[in-house]
1. Given +1 on the Cβ of Lys and Arg, -1 on the Cβ of Asp and Glu, and no further charges, what dipole in debye does the stretch 61-155 carry about its Cα centre, rounded to the nearest 20?
2. Counting pairs of alpha carbon atoms under 8 Å apart in space and at least six apart in sequence, what relative contact order in percent does the stretch 66-359 give?
3. Taking 51 Å as R0, compute the FRET efficiency from the Cβ-Cβ separation of Q232 and D103 and round it to 0.05.
4. Let me know the shape class of the stretch 280-389, please: from the alpha-carbon gyration tensor, a ≥ b ≥ c as square roots of the eigenvalues, rounded when a/c is under 1.5, otherwise prolate if a/b is greater than b/c, or oblate.
5. How big is the stretch 206-341 in terms of Cα radius of gyration and Dmax, in angstroms?
6. What is the spin-label model distance, in nm, from C71 to L130 if the labels are put 7 Å beyond Cα along the C-beta direction?
7. For the stretch 63-128, what % of the accessible area comes from carbon and sulfur atoms, probe 1.4 Å?
8. What figure, in Å² to the nearest 10, do you get for the accessible area of F237 with a 1.4 Å probe and non-protein molecules left out?
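The values are calculated or read from the model by the stated rules, or taken from the named source; none is laboratory data. Small disclaimer: the values here were computed from a predicted structure and weren't measured. Quick reminder, even Gly has a Cβ in these numbers, built from the backbone with ideal geometry, and neighbours come from all protein chains shown. These area figures cover heavy atoms from the full protein model, side chains too; ligands, DNA and RNA do not enter into them. Shrake-Rupley method; radii C 1.70, N 1.55, O 1.52, S 1.80 Å.
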Amino acid sequence: MVKGLPQKTLLGQGYQAPLSAKVFSSWDFCIRVQEAAIIKKHEISNEFKVELEEGRRFQLMQQQTRAQRACHLLSYLRVNILIGLLVVGAISAIFWATKYSQDNKEESLFLLLQYLPPGVIALVNFLGPLLFTFLVQLENYPPNTEVNLTLMWCVVLKLASLGMFSFSLGQTILCIGRDKTSCESYGYNACDYQCWENSVGEELYKLSIFNFLLTVAFAFLVTLPRRLLVDQFSGRFWAWLEREEFLVPKNVLDIVAGQTVTWMGLFYCPLLPLLNSVFLFLTFYIKKYTLLKNSRASSRPFRASSSTFFFQLVLLLGLLLAAVPLGYVVSSIHSSWDCGLFTNYSAPWQVVPELVALGLPPIGQRALHYLGSHAFSFPLLIMLSLVLTVCISQTQANARAIHRLRKQLVWQVQEKWHLVEDLSRLLPEPGPSDSPGPKSPASQASRPRSFCPGFPCPGSPSRAPPPGPSVVDAAGLRSTCPGPHGTPASARRFRFPSVAEL
């Protein structure tokens with residue numbers, strides 16, 4: 001283990017703890033329950049599988065020729081282009097489903113057509129990740145790359161589907177990107193949508209309720225019967241079918257999509273956050289039952305600790321996706337003339353300046369006007385630039401300190417390696433005449449009484465330095481230490497590696 005430590009590239013940016021460190025430090029000795037111990041064993045096993053597979057893939061990539069790397073790059077582009085075309089087809093289906101549902105409001109089957117957009121979105125979000133996983137697995141990517149690539153395209157699909165749903169509603173109701181003859185008088189399609197805020201709120205209510213009902217139906221009408229059939233029957237088909245695989249990223253992205261829909265409906269349906277809280281509470285216990293009773297562990301290892309930032313970034317993108325259309329509606333779109341709280345205003349944002357003028361004293365009004373003026377914006381921009389410069393400088397200093405610490409770690413590991421070699425050379429190997437019984441005084445006197453690998457042995461009580469020339473090792477250090485058989489032994493002192501060697 002000590003001999004293998006220096007061969008790890010500790011100075012690289014992608015440095016990770018070696019397998020030896022994980023072997024000796026991965027177990028949690030506070031575990032007292034058998035079930036928790038089994039889960040921890042599976043977790044450690046998955047970590048080792050990921051490390052070994054990534055190491056094997058890295059070695060294979062290093063041995064590839066330029067032609068093989070070019071073929072690999074073309075294969076990567078082919079898969080991503082195909083998945084991109086699938087995403088474009090999915091969002092086009094969502095657009096036409098929403099347009100068809102809104103254009104046929106007078107049909108007798110409108111009760112079914114009004115749930116057509118949520119149904120298409122749910123179908124796209126269900127079939128899309130399955131197709132993405134199948135296509136990515138065909139290219140034989142490393143496990144970490146496979147999971148990250150699938151997650152990236154799932155995020156693109158979910159956010160793009162919600163964005164296209166918002167755009168299709170805006171095009172139908174607010175005449176965005178189409179003929180505005182029916183919107184010239186009111187600023188929206190007043191002929192078909194007298195209270196357009198209510199119409200948008202209804203669509204978001206239906207989308208949230210449909211997603212929850214789909215979660216319940218899939219848990220009790222698909223996953224549960226599948227588990228019962230697999231446990232009841234035996235055969236090649238049932239062994240191939242097996243239980244459903246519980247994928248943590250997919251379930252987290254479903255929750256993020258539901259939260260994005262809630263943010264989109266804050267202005268149109270104020271009770272949607274309360275409804276979504278109830279749905280989240282029930283979804284947690286439904287998913288818990290599905291995980292413990294009806295599902296199996298994922299065959300692809302997933303590092304939850306390294307994906308926390310990714311899911312937070314996805315949540316931030318969902319917030320931006322909900323905030324941009326809402327900001328445009330509040331600041332630029334005329335409210336409904338027949339209903340609502342802002343019928344007397346050209347835009348809902350005009351209420352804010354009026355309330356400020358009526359409710360705040362003159363000092364507060366001047367303070368708000370100053371905060372919105374250039375006299376405050378430019379000094380704030382300069383201050384933020386200085387803070388950003390300080391943060392960047394501190395980050396660079398921390399990176400340099402980390403690089404120096406990694407160098408120091410390399411030196412310390414190599415020094416321990418040389419000390420272990422000196423110890424193995426100075427200790428005498430047992431001969432055939434050695435007996436396991438008590439040692440004789442002569443044999444005890446034949447061993448050196450002091451151990452100082454790599455250093456001179458001044459003041460040795462049993463032996464004096466030989467009169468002959470001293471031995472100089474490779475590092476330039478003089479050593480007169482006696483060897484195990486009374487001859488001078490050269491002790492190789494640790495030599496610091498050069499910059500070219502590092």
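1. Numbers: 5 positive and 5 negative charges, 85 e Å.
Charge dipole of the stretch 61-155: 400 debye, to the nearest 20.
2. Working: 258 pairs, mean separation 52.2, N = 294.
The normalised contact order for the stretch 66-359 reaches 18 percent.
3. Values: r = 48 Å, r/R0 = 0.94.
It comes out at approximately 0.60.
4. Details: a/c = 3.48, a/b = 1.67, b/c = 2.09.
Cα axes put the stretch 280-389 in the oblate bin.
5. That works out to 19.4, 66 Å for Rg and Dmax.
6. About 3.3 nm, to one decimal.
7. Numbers: 2850 of 4190 Å².
So the carbon and sulfur contribution to the accessible surface is 68 percent.
8. For F237, solvent-accessible area is about 110 Å².
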